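> Structure below; questions to follow.
The values are calculated or read from the model by the stated rules, or taken from the named source; none is laboratory data. Every value quoted in this text rests on a predicted model; they were computed, and no experiment measured them. Counting neighbours? That spans all protein chains shown, and the Cβs are built from the backbone with ideal geometry, glycine included.
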Amino acid sequence: MRQNVLFKAILVVPFVVMTFFAVITAANADGGGNIHGNVTTYGDRYAAKVLVFIEDLQGDFEPPEEHAVINQVNTEFVPRMLPVLKGTTVDFTNTDTGWHNVYSPPQSVTPFNLGTYPTGTTRSMTFDNIGVSPISCSMHSNMRTYVITLGNPYFKVTDKMGQYDIKDIPPGTYSLRVWHERLKAKTQKVTIESGKTIIVDYRLE
């Protein structure tokens, strides 16, 4: 009797395991696709801190509750470029030793002026308009940063080796764009398939 029970258990366990992996495979198949790539510039040098994003993927995406942060330290904005999802609030924190003024000019997609404020102070701005907002300090002409407001969360900034990964993208055909403040932007069409990864490299000039 015990041998029969043991024999049935041996048969059932592989069936359960196979069913479990079948469910996982089906779940993965119903998911999105991925883009991996490398961005280089003159002489095939790595292009770090370049924004790569899907430009035309439509949807209703909730911005994060947590604020993004641009710091002011050593008379510089850190980071130099910040991509955010539409509706994100950015905190401009002054941790420098002196006063700063934070503003974006009238030709910006989100013009604003947070005024002049001292060290230890934070003032905030919510970015609701898709596009580029160049940001400066009226007291220090060398200070510059860019907030890039995007309509979907499918974007990534390249690492120090110029590499990027954008994951779990809904299947479809889209425009994939790269942006850098000093280099010419480039766009190309990509087709995303469920469960697949495509390689898209760029060389900027």
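> Kindly indicate the residue of the range 54-111 that is within 30 Å of LYS186 (Cβ to Cβ), part of a loop (DSSP other than H, G, I, E, B) and among the charged types (D, E, K, R) and also farthest from the chain's Cα centre (by Cα) among those meeting that condition.
ASP60
> If I filter the range 154-205 down to residues being without any contact (Cβ under 8 Å) to a residue 40 or more places away in the chain and assigned to a strand (DSSP E or B), which single residue comes out as nearest to ASN34 (Cα to Cα)?
Taking the candidates together, the pick is THR191.
> Across the range 133-149, what is the number of residues that are over 15 Å from VAL78 (Cα atoms), touching a strand residue (DSSP E or B) at 6+ places or on another chain (Cβ under 8 Å) and surrounded by fewer than 17 Cβ atoms within 10 Å (Cβ to Cβ)?
2
> Here is a follow-up. What are the residues in the range 52-77 that are touching a residue at least 40 places away in the same chain (Cβ under 8 Å) and surrounded by 18 or more Cβ atoms within 10 Å (Cβ to Cβ), if any?
VAL52, PHE53, ILE54, LEU57, ILE70, GLN72, PHE77
> Residues being of a type in the set (Gly, Ala, Ser), surrounded by 18 or more Cβ atoms within 10 Å (Cβ to Cβ) and assigned to a loop (DSSP other than H, G, I, E, B): count how many of those fall in the range 33-51.
Residues that pass the stated criteria total 1.
> For THR75, indicate whether it is at positive phi and touching a strand residue (DSSP E or B) at 6+ places or on another chain (Cβ under 6 Å).
Yes: the conditions hold for THR75.
> If you scan the range 162-203, which residues turn out to be of a type in the set (A, V, I, L, M) and at pLDDT below 95?
LEU183, ALA185
> Among residues belonging to the range 112-132 that are of a type outside the set (A, V, I, L, M) and part of a loop (DSSP other than H, G, I, E, B), point out the one that is surrounded by the fewest Cβ atoms within 10 Å (Cβ to Cβ).
Among them, the one singled out is GLY120.
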